[in-house]
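Report on the following structure.
The values are calculated or read from the model by the stated rules, or taken from the named source; none is laboratory data. Just so you know, these numbers come straight off a predicted model, no measurement behind them. As a convention, Cβ positions derive from the backbone with ideal geometry for all residues, glycine included, and neighbour counts pool all protein chains shown.
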Ligand code: SAH
């Protein structure tokens with residue numbers, strides 16, 4: 001009885017992890033939509049074509065997976081809109097081997113894009129449920145970051161600093177100083193700043209004390225939350 005149950009569970013898992021030529025076709029169309037919206041980096045577009053986004057959301061909502069929309073995942077969080085993921089990835093000009101800190105693992109979709117771009121990724125998530133789920137799921141479909149961390153992104157990850165790039169995928173009410181401090185000289189922090197809506201803001205570290213700031217337009221993210229007590 002137990003064995004049967006186990007086999008059944010494994011079988012449903014296999015079904016859930018299925019990727020088909022129909023999905024591939026939908027991904028190609030999504031890449032065309034993103035290109036029309038201004039994504040020009042061919043490596044980013046290839047990553048969008050490659051990653052089975054339908055596996056990152058509940059299988060009953062599969063039809064929504066390849067629309068250019070954010071979508072609810074667990075713990076009242078969302079998988080970011082593909083355009084936003086592509087925009088952040090393109091803006092950071094990711095090079096193979098870049099050491100990247102990601103704040104807000106969520107579903108792991110942005111993490112997978114960074115890994116497709118051959119970056120070395122450290123990803124922090126503060127919701128236990130998402131941390132557990134995504135750190136099991138991503139390696140299962142072949143995406144292995146250097147580290148998944150359950151913790152508070154406001155603090156960054158001092159023990160692994162400095163980073164070439166830091167990407168924040170939740171709306172931050174202010175720019176956390178530790179994140180600026182953990183950048184290499186020449187490194188980039190990309191962070192949506194604001195309460196209800198956010199301004200995508202890029203900081204480039206010019207020297208120990210100087211940062212160049214660029215504001216890159218309005219976006220909407222779930223809030224970056226302070227540490228749980
Ligand atoms: N890139 C993810 C975005 C998920 S939404 C995706 O596309 O799936 C933002 C994520 O940031 C949520 O999972 C949320 O739990 C997480 N988050 C919010 N505040 C945080 C914090 N202080 N530290 C780390 N993660 C945080």
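Listed here are the residues, each with its yes/no results for (1) outside any helix (DSSP H, G or I); (2) surrounded by fewer than 18 Cβ atoms within 10 Å (Cβ to Cβ); (3) touching a residue at least 12 places away in the same chain (Cβ under 8 Å); (4) over 14 Å from the mean Cα position of the chain (by Cα).
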site	(1), (2), (3), (4)
18	yes, yes, no, yes
25	no, yes, no, yes
28	no, yes, yes, yes
31	no, no, yes, yes
47	no, no, yes, no
63	no, yes, no, yes
88	no, no, yes, no
94	yes, no, yes, no
106	yes, no, yes, no
Top-ranked residue in the stretch 187-212 [being more than 15 Å from the ligand (Cβ to nearest atom) and surrounded by fewer than 11 Cβ atoms within 10 Å (Cβ to Cβ); ranked as farthest from residue 161 (Cα to Cα)]:
196
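If we keep just the residues of the stretch 164-186 that are within 14 Å of the chain's Cα centre (by Cα) and over 23 Å from residue 129 (Cβ atoms), which is surrounded by the most Cβ atoms within 10 Å (Cβ to Cβ)? It would help to see each step written out before you state the result.
First pass over the stretch 164-186, keeping only residues within 14 Å of the chain's Cα centre (by Cα): 165-171.
Going one step further and asking which of them are over 23 Å from residue 129 (Cβ atoms), we end up with 165-166.
Values: 165: 25, 166: 29.
The residue in question is 166.
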Here's a check for you: in the stretch 65-85, which residue that is more than 8 Å from the ligand (Cβ to nearest atom) and at pLDDT below 85 is surrounded by the most Cβ atoms within 10 Å (Cβ to Cβ)?
74
Which numbered condition residue 98 fails, given (1) surrounded by fewer than 23 Cβ atoms within 10 Å (Cβ to Cβ); (2) within 27 Å of residue 20 (Cβ to Cβ); (3) touching a residue at least 24 places away in the same chain (Cβ under 8 Å); (4) away from the ligand (no atom under 13 Å from the Cβ):
(2)
Scope the stretch 112-157; condition closer than 23 Å to residue 58 by Cβ and not in a helix (DSSP H, G or I); matching residues:
123, 125, 126, 127, 141, 142, 143, 145, 148, 150
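I'd like to check something: does the stretch 153-163 contain any residue that is within 22 Å of residue 81 (Cα to Cα), touching a strand residue (DSSP E or B) at 6+ places or on another chain (Cβ under 8 Å), at pLDDT 95 or above and crowded, with 16+ Cβ neighbours inside 10 Å? Before the answer, list the steps.
We begin by selecting, within the stretch 153-163, every residue within 22 Å of residue 81 (Cα to Cα); these are 153.
With the extra rule that they be touching a strand residue (DSSP E or B) at 6+ places or on another chain (Cβ under 8 Å), the set shrinks to 153.
After this cut, where a residue has to be at pLDDT 95 or above as well, the list is 153.
When the remaining residues are screened for being crowded, with 16+ Cβ neighbours inside 10 Å, the result is 153.
Yes - at least one qualifying residue is present in the stretch 153-163.
Any residue in the stretch 38-51 that is over 22 Å from residue 118 (Cα atoms) and within 16 Å of the ligand (Cβ to nearest atom)? Outline the logic, then answer.
Of the residues in the stretch 38-51, the ones over 22 Å from residue 118 (Cα atoms) are 38.
Now drop any that are not within 16 Å of the ligand (Cβ to nearest atom), which leaves none.
Looking through the stretch 38-51, none of the residues is over 22 Å from residue 118 (Cα atoms) and within 16 Å of the ligand (Cβ to nearest atom).
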